[in-house]
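Only one structure is covered here, and it is reproduced in the block below.
The values are calculated or read from the model by the stated rules, or taken from the named source; none is laboratory data. In this text, all values refer to a predicted model and were calculated from it rather than measured experimentally. Note that we place each Cβ from the backbone using ideal geometry, even for glycine, and neighbour counts take in every protein chain shown. Note: accessible area is taken over every heavy atom of the protein model, side chains too, but ligands, DNA and RNA are not part of it. Shrake-Rupley method; radii C 1.70, N 1.55, O 1.52, S 1.80 Å.
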Amino acid sequence: MTDIADENVNITKTKRERIRERVLQAEKDKLHLDNPRGIINDVEDIIREEIN
Amino acid sequence: MELKRLELENFRQFRDDAITFANGSEKNVTVVHGQNGSGKTTLLNAFTWLFYDDVDFDTRPERLASEGAMAEAAVGDKVDVSVRLSFDHEGVEYVAERNAVYEKQSSDDFDGEVTEMDLQLKYRENGSWATRNNASNKLDQILPERLSGLFFFDGEDIDELAGIDNQDRIQEAIQNIMGLTILERATKHLGDAAGRFENEIQESASEELAELIDQKQAIEEEIDALKREQDDVQRNIEHIEQEISDIDQKLERLDESAALQERRSEYEEEVQELETDIERINDQIKEQLSEEGVVPLAMPLIRETAEELDAMRERGEIPSELSDSFIESLLQAEQCICGRELEQGTQPYEHVVGRRGDTIEDGVEQAALRIVGQLNRIAEIESDFLEEIDELTAQRRELHDEVEDWEEKIDDVSTELQKMDSTTDEGLSPSQLENNREQKLAERDDLIGEEAAIEQKIDDKNEAISEIETEIDDQQDEHAETLLAKKRRKAAKEVEHELQTVFDNLKNKVRRWSNERIQSEFSEIATKDLQAEISEDFALKIWQQVGDEQIEVDKSRGERQIASLAFIGSLVDIAQERYESEAESEYFDTGGIYPIVMDSPFGALDKTHRREVSEAIPRLANQVVVFATDAQWEGPVEDEMEDIVGEVYWLNFTDGEGVDNHPQTRIETEQMAARGD
Amino acid sequence: MRTQKYKKSELYDRVVETHEIFENSYDFMVFLAVVGYRENQKITSNYLGSNGMSGEIGVDNLKGNELYRTVMACLAFQDTGDPSALVDEGQQSKTLAQYAAGGLDFAEKEFGKVAGDPTDAIVNYIRTAQDDEPGSGGELEKIVESFDEEIMKGT
């Protein structure tokens, strides 16, 4: 993992929690599927929306 | 889940047979015994075929339909193959049935071709039967496939859980029982998303940074390829080891070679024990080295220094007074700098006390004195160290010699086996088997070497990556796009890390949980001074209490098997406890009550261990089904389990020699079998 | 807490982590410093190691061990010839790092290339070094005795 020390890229705790909760929710919605198609896109989109 | 009845139709050597399972709190064990090849493994496979359409046969895996039924059929005829299981689950009665239709293609076609396959799940509601949609999903909910390996298993391999390098299997089992698929998935998908943002950084970044990321990704790909290669090699090793153990079992079964094979197993256990001893000595050498290894090398340095300091002090270049505090410290330690004891009231003690108040200066002089004063003690450490190391090395040499002696004997056994080239009734010759075994051993050793080489390459590449990552971090990049992508990547990585940490903590919790159960279960069954536990790195280990010390032992197969069974039992307990706690969660499965079905849990064990294992089995789960060979079942096992066995079946196998005969097994209850004799 | 940087290489990981020969990095570091002194190899520039190839230890770990304290004081004294180095902590840490860096170079050649566990190679090195020693005892006893007399002689 690359740690970036730069001040500009610090993520606040609230952001992190929001991302975490949304990702878990998205996973839950597809939990019953053997192959949760499109889930990586969903995760990617969540992060895009939260970090902009 | 409670198993009630299994019915087989044209499934391998079973034409039309059934087993009713024992259940209830008293006699919860069902035993099915028969000679080798009579169909024990087939019964285990009947479960996995029914639930997951998955079978694992050593011989003719494609031949699912009964050979007899196929032979009787005419070309174009269809043969129905089915397995039906009645069970209760959460207070509801179910009947699951898998059907396959095989069509005979030609007159010498005994395999047939599948033309239809169907799975049905019926349940009883308000007295009448209804059919479930989505049978396969529902069955996977009732008994998740990822858990099936834990509860339907071949007992002959189970001891491997407590073998070396099986941390992964233990971890996987624990992860599976946790049912936290959601965390496993989320962690993985966040990692994947982080990878996408990394690509974005690269696209928008300066040439220099892009180049670095390129390099890093290229190396990561190389590592992935190496890991795949490593997995392959590991699988090959496992496979070969399985083959070796199969050969061992065959040699044990043949009358001609049984005694020799048994002797070899004993010798091999001796070697293993000696090697554990050698390992222990190596650890002791390391401990000595870490604590005192520096002393012999430092001796000249300290001596020279002491001499010079002494000379300087005599020349008055260091003030020679002693400080009060130094004298006090000597008195307190009750030892003079010369090493002499300073006991209160003795002359030396009074001398030292008399020096109190002489002192003006602290510091340099005191430090010099301390160094000189330590010489004696250090010299003692030096000679002790060398003596101790000599002693340990000598012990180790002796053990190595012993190992060599045993290995010579093992070689002799092999040579003798190779000479036995007469073919037995089963069409096998010990010499053939042994030659094959030798070859496999050589192959395995090659593969182990190969694996180590791959591991080394991966290490080197990982080091290269961490160097590049340092460089990437040092790169200052100003593009706004790059910064944003960096930030997103970082967010993904951080959340991934958070979830991973939570997951690991939970896993550790389950590990400790499982540990408590293993410890109590194991110590009750196994020999008194042995204990089993899952270590922090998820290895299933067996300890021996020697005095105050716990020493890890590489115990016999029997003990490993008991430890492994205790582990499985702990998982059954955990699943049940979670189920009964009535915890509701939409995020993970909340456990269940599972039966255990195992093939040959007594294979390759001596009498004592058979007895111990049979004591362990009924305690593993609410319901246990055991398949065993006649030889394994009769004797101590039968006696031991008498009180807890509810149903006993005997597999009556006819090999089908002669015209129009085909291998077939009838499942008979013990009473019928007795009458049949 | 005071710390001291030191030159590191993959050998530290092998000896401390992979094969668990020395319990801590600082145990191995002191060992290397003594090797460096013995082999007369000291590195005065770049002895702190370059980025990614350096380590850091708490000086307290060293001071907590009487043997290590003695070794550090002796090295510093031998290096400077000045008795005041016996109480100069900064000087001692620095000298230790310099000899440890020299010792590391030597150790890399001596047992860094051994495949597998280098324990036996290290033991052999100690044993060989021990055989080179002139018989101990004589000088030592003299010193100890003279000190004994110093402190024991009656008033």
Original post:
Looking at segment B:162-172, which of its residues are on the phi < 0 side of the Ramachandran plot and open to solvent by 10 Å² or more (accessible area, probe 1.4 Å)?
Top reply: B:A162, B:G163, B:I164, B:N166, B:Q167, B:D168, B:R169, B:Q171, B:E172
**OP:** Filter segment A:19-33 down to residues that are over 14 Å from the mean Cα position of the chain (by Cα), more than 9 Å from chain B (Cβ to nearest Cβ) and either closer than 19 Å to B:R488 by Cβ or not in a helix (DSSP H, G or I) (or both), then give me how many there are.
**Re:** 1
Subject >> Hits in segment B:636-646 (condition: buried (at least 18 other Cβ atoms within 10 Å of the Cβ) and out of contact with any Lys or Arg (no Cβ under 7 Å at 6 or more places or on another chain)) >> reply: B:M641
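Yes/no matrix, rows are residues, columns are (1) buried (at least 18 other Cβ atoms within 10 Å of the Cβ); (2) in contact (Cβ under 8 Å) with a residue 60 or more places away in the chain; (3) within 12 Å of another protein chain (Cβ to nearest Cβ); (4) under 21 Å from the mean Cα position of the chain (by Cα):
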position	(1), (2), (3), (4)
B:Q439	no, no, no, no
B:N462	no, yes, yes, no
B:E467	no, no, yes, no
B:D473	no, no, yes, no
B:A485	yes, yes, yes, no
B:K509	no, no, no, yes
B:S514	yes, yes, no, yes
B:D529	no, no, no, no
Original post:
When only residues in segment B:511-534 that are part of a helix (DSSP H, G or I) and among the hydroxyl-bearing types (S, T, Y) count, which is farthest from B:D606 (Cα to Cα)?
Top reply: B:S514
Original post:
Among the residues of segment B:106-141, which ones are in a loop (DSSP other than H, G, I, E, B), out of contact with any Lys or Arg (no Cβ under 7 Å at 6 or more places or on another chain) and surrounded by 13 or more Cβ atoms within 10 Å (Cβ to Cβ)?
Top reply: B:D109
**OP:** Taking B:T501 as meeting all but one of (1) surrounded by fewer than 18 Cβ atoms within 10 Å (Cβ to Cβ); (2) within 12 Å of chain A (Cβ to nearest Cβ); (3) touching a residue at least 24 places away in the same chain (Cβ under 8 Å), write down the number of the exception.
**Re:** (3)
**OP:** Please specify each residue of segment C:111-155 satisfying the condition of being under 17 Å from C:V30 (Cα atoms) and at pLDDT 85 or above.
**Re:** C:T119, C:I122, C:V123, C:Y125, C:I126
**OP:** Identify all residues within segment B:411-437 that are in contact with a helix residue (DSSP H, G or I) (Cβ under 8 Å, 6 or more places away or on another chain), free of Cβ contacts under 8 Å to residues at least 60 places away in the same chain and either farther than 12 Å from B:L251 by Cβ or open to solvent by 40 Å² or more (accessible area, probe 1.4 Å) (or both); write none if there are none.
**Re:** B:Q418, B:K419, B:D421, B:N435
Original post:
Condition test on B:D283, is it open to solvent by 10 Å² or more (accessible area, probe 1.4 Å) and assigned by TED's automatic domain parsing to the domain that holds B:E404?
Top reply: no
Original post:
Out of curiosity, is B:A492 in a helix (DSSP H, G or I), more than 27 Å from the chain's Cα centre (by Cα) and surrounded by 19 or more Cβ atoms within 10 Å (Cβ to Cβ)?
Top reply: yes
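Residue by residue, here is whether (1) open to solvent by 50 Å² or more (accessible area, probe 1.4 Å); (2) assigned to a helix (DSSP H, G or I); (3) more than 30 Å from B:D157 (Cβ to Cβ) holds:
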| residue | (1), (2), (3) |
| --- | --- |
| B:A46 | no, yes, no |
| B:D54 | yes, no, no |
| B:D58 | yes, no, no |
| B:G76 | no, no, yes |
| B:V79 | no, no, yes |
| B:V83 | no, no, no |
| B:R98 | no, no, no |
Original post:
Do we have any residue at all in segment B:394-410 that's open to solvent by less than 90 Å² (accessible area, probe 1.4 Å) and within 30 Å of B:A311 (Cβ to Cβ)?
Top reply: no
**OP:** Exactly one condition in (1) closer than 23 Å to B:L147 by Cβ; (2) out of contact with any His (no Cβ under 7 Å at 6 or more places or on another chain); (3) of a type in the set (A, V, I, L, M) is not met by B:M1; state its number.
**Re:** (2)
Original post:
Within segment B:546-574, how many residues turn out to be outside any helix (DSSP H, G or I) and in contact with a Leu (Cβ under 8 Å, 6 or more places away or on another chain)?
Top reply: 2
**OP:** Count, please, the residues in segment C:23-77 that happen to be more than 12 Å from chain B (Cβ to nearest Cβ), under 27 Å from C:N124 (Cα atoms) and basic (K, R).
**Re:** 1
Original post:
Any residue at all in segment B:385-405 that is among the small types (G, A, S), part of a helix (DSSP H, G or I), farther than 30 Å from B:G316 by Cα and assigned by TED's automatic domain parsing to the domain that holds B:A298?
Top reply: yes
Subject >> Enumeration of residues in segment C:3-36 that are of a type in the set (A, V, I, L, M) and more than 20 Å from C:V59 (Cα to Cα) >> reply: C:L11, C:V15, C:I21
Original post:
Out of segment B:268-285, which residues are touching a helix residue (DSSP H, G or I) at 6+ places or on another chain (Cβ under 6 Å) and facing chain C (nearest Cβ under 8 Å)?
Top reply: B:I285
**OP:** Provide a single number: the residues in segment B:18-32 that are outside any loop (DSSP other than H, G, I, E, B) and open to solvent by less than 10 Å² (accessible area, probe 1.4 Å).
**Re:** 5
